[in-house]
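Every number in this text was worked out from the coordinates using simple rules, so none of it is lab data. What you are looking at is a predicted structure, and each value in this text was computed from that prediction instead of being measured.
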Amino acid sequence: MIILGVILLIVGFVVNIPILWTIGVVLLVIGIILYALGAAGHAIGGRRHYY
């Protein structure tokens, strides 16, 4: 999810499409939150790790 967020950020910035940039930011933030919670040992949605 983090990688997809970064890709959408780059594509949205280069092509100048604001909705892609916004979706990229949202996915990046959600990916970082899920990664941090998984690294801390919290199981989220029945999964202990998000890769």
Output the relative contact order of the chain, whole-number percent, from Cα pairs under 8 angstrom with separation of 6+ residues.
-> 32
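Once you order the gyration tensor axes a ≥ b ≥ c over the Cα atoms, which shape class does the chain get: rounded for a/c under 1.5, otherwise prolate or oblate by comparing a/b with b/c? Can you show the working numbers first?
Details: a/c = 3.86, a/b = 3.42, b/c = 1.13.
The shape class here is prolate.
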Based solely on its DSSP helices, what 222 nm [θ] is calculated for the chain when runs of n ≥ 4 H residues each add -39,500 (n - 2.57) and the sum is averaged over all residues, nearest 500 deg cm²/dmol?
-> -24000 deg cm²/dmol
With θ set to phi - 60°, apply the Karplus curve 6.51 cos²θ - 1.76 cosθ + 1.60 along segment 9-23 and write out the HN-Hα couplings as whole Hz, x wherever there is a Gly or Pro.
-> 4, 5, 5, x, 6, 5, 7, 6, 10, x, 5, 5, 5, 5, 5
